[in-house]
Amino acid sequence: MTPTFVLIHGSNANSFTWAPLQRELALLGHRSLAVDLPGHGFEAGVPSSYQTQDAAELAEAPSNLDGVGLQANIDHLVAILRRAKEHGPVIAVAHSRGGLTLTAVANRHPELIDRLVYVSAWCCVEHEPRQYMHLPEAAACVLDKVAGVSAANPARLGAVRMNWRTADPVLLAALKESMLADGSDEEFRVFLGTLTPDESLDAGGPDDLANAATWGRLPRSYIRITQDTSIPIELQDLFIKEADALTPENTFDVHTIETSHVGFLVRPARAAAILAGMA
């Protein structure tokens, strides 16, 4: 039976951004399913103040992600994987923050996944995400330059809210550097338009680090993104190194794409070819 590629998006993203990659996979003869995690996609609940750019109202408007944490992602993805598994093997592919959900699900339900694939995604083995950001391997990360995109107090809102519709040219340049430095300004603006403002506060805890007995028994691949300035290549390589040390009898199958954090989504031929080789 042919596998189903289950695609798990990153922060503030949704199933929509996988469409170009899904097209390439389909043209190579492969079935795929792009997930919208809770509070994403058409459930994102974008406030009207985001459209009108009323900053004061945007800072106060309730969020659909208030109180929605990693466990909701786990439950949602498990239900999808159970259905996908009825039709054959499942290759679960995560990008960026989506790696947190993928690891947590594989820890608990390894029987639902036949291969794990991380595409410049968080793969926490020895530390929680906030701890990784203080390591030397994260020094090249430029996300501190985009702090101005924050549109509300997360503690009050119960979620992280970003104003991707900012008109600040300095902030827009920093956002482009962090996401799609190798793309055109037009491509960057289109991609920015696919993002929704809110993201969950919950990035998991110690119990959500990779578990050698469950997560560690699954075949796994890592697709390194060399020009990534959100999750620098040094940090990606640290994830790989720590994971391989955790289960030396079952190490990452490693691939590399020379592009930016979301460049493989905009120009997906290389990523699709790599994934097709895993089927």
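The values are calculated or read from the model by the stated rules, or taken from the named source; none is laboratory data. The structure presented is a predicted model; accordingly, all values stated were derived computationally and were not measured. A quick note on method: Cβ atoms are made from the backbone with ideal geometry, for glycine too, and the neighbour counts reach across all protein chains shown. Heavy atoms of the whole protein, side chains included, go into the accessibility calculation; ligands, DNA and RNA do not. Shrake-Rupley method; radii C 1.70, N 1.55, O 1.52, S 1.80 Å.
At a glance:
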quantity	calculated
Qualifying residue in the range 44-58 (condition: open to solvent by 20 Å² or more (accessible area, probe 1.4 Å), closer than 24 Å to ASP253 by Cα and of a type outside the set (Asp, Glu))	no
Criterion: without any contact (Cβ under 8 Å) to a residue 40 or more places away in the chain and open to solvent by 10 Å² or more (accessible area, probe 1.4 Å) - qualifying residue of ASP185, ASP237	ASP185
Complete set of residues in the range 103-138 that are within 16 Å of GLY69 (Cβ to Cβ) and in a helix (DSSP H, G or I)	THR103, ALA104, VAL105, ASN107, ARG108, PRO129, ARG130
Filter result for SER96 (in contact (Cβ under 8 Å) with a residue 24 or more places away in the chain, over 24 Å from ARG220 (Cα atoms), open to solvent by 10 Å² or more (accessible area, probe 1.4 Å) and among the small types (Gly, Ala, Ser))	no
Selection count, the range 88-103, where residues are among the small types (Gly, Ala, Ser) and either at pLDDT below 95 or under 8 Å from the mean Cα position of the chain (by Cα) (or both)	4
Conditions (1) under 15 Å from ALA121 (Cβ atoms); (2) without any contact (Cβ under 8 Å) to a residue 60 or more places away in the chain; (3) open to solvent by less than 20 Å² (accessible area, probe 1.4 Å); number of the one not met by HIS255	(3)
Residue list for the range 188-234, filter: open to solvent by 10 Å² or more (accessible area, probe 1.4 Å), within 21 Å of MET278 (Cβ to Cβ) and among the β-branched types (Val, Ile, Thr)	THR214, THR226
Residue within the range 147-165 that is within 19 Å of the chain's Cα centre (by Cα), open to solvent by 50 Å² or more (accessible area, probe 1.4 Å), modelled with pLDDT of 95 or more and not hydroxyl-bearing (Ser, Thr, Tyr) present	no
Pick from the range 258-279, criterion open to solvent by less than 40 Å² (accessible area, probe 1.4 Å) and in a loop (DSSP other than H, G, I, E, B), ranking: farthest from ASP182 (Cα to Cα)	MET278
Candidate set from the range 224-251 (those that are within 20 Å of ALA212 (Cα to Cα), outside any helix (DSSP H, G or I) and of a type in the set (Val, Ile, Thr)); member that is farthest from the chain's Cα centre (by Cα)	THR247
Neighbours by Cβ (under 9 Å, 6+ apart or cross-chain): first from the range 55-75, free of Cβ contacts under 8 Å to residues at least 12 places away in the same chain; second open to solvent by 70 Å² or more (accessible area, probe 1.4 Å)	GLU57/SER48
